[in-house]
Structure formats: C-alpha cells, structure tokens
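The values are calculated or read from the model by the stated rules, or taken from the named source; none is laboratory data. Small disclaimer: the values here were computed from a predicted structure and weren't measured. Ideal geometry is used to build each Cβ from the backbone, glycine not excepted, and the neighbour counts take in all protein chains shown.
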Amino acid sequence: MLTSYFWSGDAIRSRRVSDIVLSGTIDVPAPPARLLADWDREISSHMVLEPGDVEVMPLARARARWPDYTRCVQAMSDWTCALGLPAVLASSDVALMACRGARYHHDAEQYGSAAFCNLFLSEDKGLDLHFPSTGHRIPLTRGTAVIFDTGQPHGVIRRSSSGFNVADFAPDQDCVQMFLTWELPIEDAQVGQALQVVFDIAPSTALQLDAEQVRLNDEPVIVCPDSGRWCRAD
C-alpha cells in the first residue's frame, strides 16, 4: 500500500496515493514570438537548466508579454469544470515552470496536501510525461492537460526511451518544455473524489510522524531518478 503522509493544519494526516491520471488536450493559442524569445533569454542568462531540472519561471513578467494568458487559463478552467471541478482552479496557486526533461521523482515530501494540475504550452518535442508505476505515458504537445497525485512518481523522458537518460537532453537540442501548474487541495471534496483518494488509512503511523513523506507498505521509500522505481530509503 502506497501512503502519503501530509500536513493538514497542525497535524499529519494519511491518505492513499491515487493511481488515477486525468489527461486531455485542450485548444490553447501558441505563445507569441516575443514571449518565447524572453523565455529563451531567461533560461540561457539567468538560470542553469540542466537535463532533468524543473525550475520556476517569472510569471508576472510573462503575463505582460502574453495577451492570451487569460484565454489559456479559461480553457483550462473549462476542462477542469468538465471533470467535475468547477471552482477549484480559480482558488489555487499557479506558477510558470520550465523543464529540460525531468528526472523521475515524486513531490509529496513538499506538496503531499495537493494534486498537480498542469497545462503544457510548448510544441511537440518528442517528449512524454511518464508515470512508471501506473503505466500512463502522455505525449507532451501544446494544450496537454493533466491532473495527478503529487505522490505518484513521474518524469519527462524521450518518447523513444524507457527511462530518463541525460544524453537525451543535450544542450544543442530544443527540448525545453514550458507549462503552467496549479496546486489543487487534495482535501477538497471534489478533488479527492476525482482522484478517488481514501483518507486516514494509517492514523496511528501519522501520529508518530513530524514530516511529510511517502511510505510503501509502511516503509519509507524514495524514487530512482533514472527508472522511476520505488526504493527503500536508507
């Protein structure tokens, strides 16, 4: 049993890690050329985006150069509404992210109280969002939308690959993906229902913990960054 232990107010609460991945493709306009150029400058001049890295980009500056930002958010809102999540997007924090692929990881040590809702903005560059534990493999194109449990291992890999390989993301290759991400509260009744999350499955263990974590059969685990497999934490 895969269990996420997460902060709920001042206490640690337990829940089952959902294996449901909601995905679709929505109609969003391509970012304008001057915004793409600004993103390229930001990545090349102000950050070190190594293969496998996922980094935050300045959203406020992007919005000033992005006349269709509101249209993109509305399209995403319409998609989440169709999934039975009518108001959750508007009340959730949003960030702009860049990745040059992504090593396999989970995010429940920091975001165990959330599900991620992502909208990919880049064109198809031959990359997939891969969930090795569930078998979901989603081609990343402009308008790809996904919602998934932060405790579920995931990575961004080459479509021709079975795992993450640094060599697949050479500096001379155009393999950066841009995306918007929202943190949806996992305790929201509609979010929990959409992902079929079961709460308080290990209350006695939760009482003994003081940090967010994921456990497999009550053993602390980490994710192998190359394969996405669970490994015992030493």
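Pick out the one residue from Ser160, Ser227 that is farther than 15 Å from Cys99 by Cβ, in contact with a Gly (Cβ under 9 Å, 6 or more places away or on another chain), at pLDDT 95 or above and in a loop (DSSP other than H, G, I, E, B).
Details: Ser160 fails: at pLDDT 95 or above.
Selected residue: Ser227, the only one of Ser160, Ser227 that is farther than 15 Å from Cys99 by Cβ, in contact with a Gly (Cβ under 9 Å, 6 or more places away or on another chain), at pLDDT 95 or above and in a loop (DSSP other than H, G, I, E, B).
Tell me yes or no: at least one residue of the stretch 48-67 is part of a helix (DSSP H, G or I), aromatic (Phe, Trp, Tyr), at pLDDT 95 or above and farther than 24 Å from Phe148 by Cα. Within the stretch 48-67 (the criterion being part of a helix (DSSP H, G or I), aromatic (Phe, Trp, Tyr), at pLDDT 95 or above and farther than 24 Å from Phe148 by Cα), the answer is no, since none of the residues qualifies. Within the stretch 82-110, residues that are outside any loop (DSSP other than H, G, I, E, B) and modelled with pLDDT of 95 or more sit with their Cβ atoms under 9 Å from residues that are surrounded by fewer than 18 Cβ atoms within 10 Å (Cβ to Cβ) and among the hydroxyl-bearing types (Ser, Thr, Tyr), at 6+ positions apart or across chains, in these pairs: Tyr104/Ser227. Kindly evaluate Asp38 against the criterion of being surrounded by 13 or more Cβ atoms within 10 Å (Cβ to Cβ), over 18 Å from the mean Cα position of the chain (by Cα) and acidic (Asp, Glu). The answer is yes for Asp38.
Let me confirm something: among Val198, Val166, which residue is β-branched (Val, Ile, Thr) and touching a Pro at 6+ places or on another chain (Cβ under 6 Å)?
Details: Val198 fails: touching a Pro at 6+ places or on another chain (Cβ under 6 Å).
When all the criteria are applied, what remains is Val166.
Between Val73, Val28, which is under 21 Å from the mean Cα position of the chain (by Cα), within 29 Å of Gly101 (Cβ to Cβ) and either assigned to a loop (DSSP other than H, G, I, E, B) or among the charged types (D, E, K, R) (or both)?
Values: Val73 fails: either assigned to a loop (DSSP other than H, G, I, E, B) or among the charged types (D, E, K, R) (or both).
Answer to the selection: Val28.
Scanning for something within 12 Å of the chain's Cα centre (by Cα), among the hydrophobic types (A, V, I, L, M, F, W, C) and in a strand (DSSP E or B), does the stretch 137-145 turn up at least one residue? Among the residues of the stretch 137-145, at least one is within 12 Å of the chain's Cα centre (by Cα), among the hydrophobic types (A, V, I, L, M, F, W, C) and in a strand (DSSP E or B), which makes the answer yes.
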